[in-house]
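Chemist: Pasting in a structure now, in structure tokens, and then I'll have a few things to ask.
All of the numbers you see were taken from the coordinates with simple rules; none came from a lab. Keep in mind that what you see is a predicted model, and the values were worked out from it rather than measured.
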Amino acid sequence: MQLHVMNSLSHPKRMRLRTSTLGYLAVFLAIFSGRALLANDADEAELRAAIDECRSKFPAESAAIFDAAQTAWDSFRSANLIATKGKLGNEQGDRLNEMDRLCLLARAVQLRKLHEPMLGNRDAMIKKAQSADQDLCQIFKECTELAPGNNRHDLCEAQRKWIAYREANAKAAYLAVPGNEAIATTIAATELRQTELMGTYEGYTKKAAEAVAQISQELKLIKDMGPLKMKLQALEAKAKAASANIPAPLAVTNISAFPSEVTQEALSIGATIDEFKPLENSIFAEVRPQIMTVYTIISLSKAKEQVNSGDAPSAARIIASHNDILKNYPGLNSIPGGTYFSALAALFETSQRQGLEHEKKAAAAAALGRTSEAIREYKAAYDLFPDPSVAEKTKKLREESLGL
């Protein structure tokens, strides 16, 4: 997928001012002078480990493509530091460090995910990539207007090198996962560049800091995937054993759920991964069936709680929401409790419809003054599909019949 970006880079006005060789040298020395202006040693080590691991997965004949992408990124990082330093100056070392950490950690995450398949609808992702590209063009234009005169050339130079890096990285991603076309990689890189530019030139320091925190968490999760996979696989085995004893659903008021131990494990794992939207995030591609199992267990537990509290409509919403996800999952039959969940969704839909029929009859009887008949119909509706509003209507009729 070819995206055309930053036509404004060639604007003659923005190319007029150039930094002298001595100016570049001064900036370079300031950046690397040990004044805590760069990402820390642990971040650098993390990036090196990600580079080594990612490169080891490329066949020998393709390694040169990966090396070219990494070289392009190194060149961009250096140019970006010069541009950022020129804008922020010495008095904002912490902010410069934050911007560099964002750049470095995002590259580490990207490398860890480079060999994963693209997820999602291809056409939708292409549109998202094009939209992100348009947004970046607008942000870049605004940043050149905010840049001090002697900083604009550095900013344009950094952006040229970023474009070269993004194109080189897209080639590496395509080789890593044939057919990928690096759409997801392109989107992530483009959105990150937006944050970098805004964090430097528009003062969006909070957003940049949040991005660093999010990327750091994501990187940690990627590294922790080994233990997480083991937990997921252990949970899946328990869920499969338990699901064999779950009877077919016969009534809304008699939902079967997984044993408490299994449910608690699912809730614990779910809390760990929820913020990363695992059904969308390619980090979780290998464990998608186990993730679906986690959410099936949790959804059953939540639905059962709502029914037990007399709120079937809330339970129905939980079931319908998760069932929509299950219906689009090709491995539904392999998910412990998956077929039970589908049957339960159908039962809720039927019971709710039948309950509404009884409600209509109850309302008609009440309108004619046939209170006892109306109460019976409301009770029938509630027995089929416990609804707080039906319980309230029944209570009101009873009170009226007693003259209360």
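Chemist: Taking 0.36 nm per intervening residue step and subtracting the Cα-Cα distance, what contour gain separates residue 52 from residue 328 on full extension?
Modeler: Extra length available between residue 52 and residue 328 comes to 95.7 nm.
Chemist: Most fluctuating residue of 371, 144, 200 in a GNM of the chain with Cα springs under 10 Å: which is it?
Modeler: Top of the fluctuation ranking is 371.
Chemist: Rounded to the nearest 10 degrees, what's the angle between the helix 371-384 long axis and the longest principal axis of the chain, both from Cα atoms, 0 to 90?
Modeler: 50 degrees
Chemist: Please compute the length gained on full extension between residue 213 and residue 396, using 0.36 nm multiplied by the number of residues separating them and subtracting their Cα-Cα distance.
Modeler: Full extension from residue 213 to residue 396 adds 60.5 nm.
Chemist: On to the next question. Cross-link list 327/379; 360/396; 231/277; 87/128; 85/127; 223/277: which exceed 25 angstrom alpha carbon to alpha carbon?
Modeler: 327/379; 87/128; 85/127
Chemist: Could you work out how far helix 21-31 tilts from the main Cα principal axis of the chain, as a 0 to 90 degree angle to the nearest 10?
Modeler: The helix 21-31 is inclined about 50 degrees to the chain.
Chemist: If you don't mind, there's one more thing I want to ask. Which of these values of P(r) over Cα pairs in 20 Å bins from 0, in percent was calculated from the structure shown: [x] 22, 39, 25, 12, 1; [y] 24, 51, 21, 4, 1, 0; [z] 21, 31, 27, 15, 5, 0?
Modeler: Recomputing P(r) over Cα pairs in 20 Å bins from 0, in percent here picks out [x].
Chemist: Shifting gears a bit: What's the angle, to the nearest 10 degrees (0 to 90), between helix 63-88's Cα axis and the longest principal axis of the chain?
Modeler: Rounded to the nearest ten degrees, it is 80.
Chemist: Kindly provide the helix-only [θ] at 222 nm of the chain, computed as the sum of -39,500 (n - 2.57) over DSSP H runs of four or more divided by all residues, to the nearest 500 deg cm²/dmol?
Modeler: -24500 deg cm²/dmol
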